[in-house]
């Protein structure tokens, strides 16, 4: 384990890449290259070595945590003389736009689903809890999309409360990145999973009261474990610009795309546009709202410019 600043040392155990990789122990590789290719996000380069060194130790740790938590629920039920409801283990994944949260979540989901005791792992994103564009326009918040006030946090907490209560069926709204809006009439169905992964920008944030009785209640209150994906802001900005250029050649070409008007930009125009969006929206949101929640995470992974993780910080129990 490497050294760290005094504050970090007091809260976290710090591992470099090699030290963390050793903690894989005998965990088998259950992912194959074709599947990894399907799980990768746009411009996120992750190879099998990264899965072995970073994700397998994490999946092993989480498997141990999930088993221990399930045993604790059984002990509590025995004490109360009641049947133990199936309560999913909830993992939150936070970080900036373009930092690779979605890819991280999909790979983790695939690995956790292959452990014998929890074959059902559901993944939901906070994008589905953005207010519809009509509401954002009415409130003058379209330029603040992704900021905390653009989400229906009360609805997200309601869904998490149902999930954690062991409800047999819970529905969550669906968001389309093509039309850049909530899809009316569609939903993601969560039916008694063993694990739920919630991925989003501000899932570790605390803020004004959201409880109906006036009590403070936050999204992170429902997490059993949380992960923050960290990187230098300059690297994240570069990743955002490169992703924008890739989307210009793909998703933006769709006639139904909300951003169809970006499809015909030249390279220079696209870079200038992406940098402007970053500086006015995504970078600002990172500095003001997302990065300050970093030290609330159970685990922090630090990426280099090539997306490879070189440091892992595990919060002390």
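Bear in mind these aren't lab numbers, they're just calculated from the coordinates by the rules spelled out. Since the model is a prediction, treat every value here as computed from it, not as a measurement. Using ideal geometry, Cβ is built from the backbone for each residue, glycine included, and neighbour counts are taken over all protein chains shown.
When each of 180, 55 is scored by the number of other beta-carbon atoms lying within 10 Å, the sequence from fewest to most is 180, 55. Which value, in nm² and rounded to one decimal, describes the direction-averaged projected area of the C-alpha convex hull of the range 159-317? Taking a quarter of the hull surface, the average projection is 12.2 nm².
How long are the three semi-axes of the equivalent ellipsoid for the range 229-282, computed from the Cα gyration tensor as the root of 5 times each eigenvalue, in whole Å, largest first?
Values: eigenvalues 89, 27, 19 Å².
Rounded to whole Å, the semi-axes are 21, 12, 10.
Compute the distribution of all C-alpha to C-alpha distances in the range 7-59, in bins of 5 Å from 0, and list the percent of pairs in each, rounded to whole numbers. Going from the shortest bin to the longest, the percentages are 4, 17, 24, 19, 17, 10, 6, 3, 0.
For the range 104-252, the spread of Cα positions along the three principal axes, ordered from largest to smallest, is 41, 40, 34 Å. Between residue 167 and residue 253, residue separation times 0.36 nm minus the direct Cα-Cα distance comes to 26.9 nm.
At q = 0.09, 0.11, 0.12, 0.14 Å⁻¹, what log₁₀ I(q)/I(0) does the chain have when each alpha carbon counts as one equal point scatterer in the Debye sum? The calculated log intensity ratios at q = 0.09, 0.11, 0.12, 0.14 Å⁻¹ are -0.48, -0.73, -0.88, -1.22. Ranked for footprinting exposure by Cβ neighbours inside 10 Å, fewest first, 174, 66 give 174, 66. With the cut-off at under 20 Å, measuring from each backbone N in the range 239-275 to a point 7 Å along the Cα-to-Cβ line of residue 155 picks out 258.
For the pair the range 72-91 / the range 258-305, the C-alpha centres are spaced 41 Å from each other.
May I ask for the percentage of alpha-carbon pairs in the range 117-201 that lie more than 16 Å from each other? The answer is 54 percent, as a whole percent.
As a rough footprinting exposure proxy, the listed residues 293, 273, 76 were ranked by other beta carbons within 10 Å of their own, and the order from fewest upward is 76, 273, 293. Using equal-weight Cα scatterers in the Debye expression, the normalised intensity of the range 54-126 in log10 at q = 0.21 Å⁻¹ is -0.96.
Taking the helices alone, the chain has a mean residue ellipticity at 222 nm of -9500 deg cm²/dmol, built from -39,500 (n - 2.57) per DSSP H run of at least 4 residues and averaged over all its residues. Measuring spread by the Cα atoms of the range 1-90 yields a radius of gyration and Dmax of 17.9, 52 Å.
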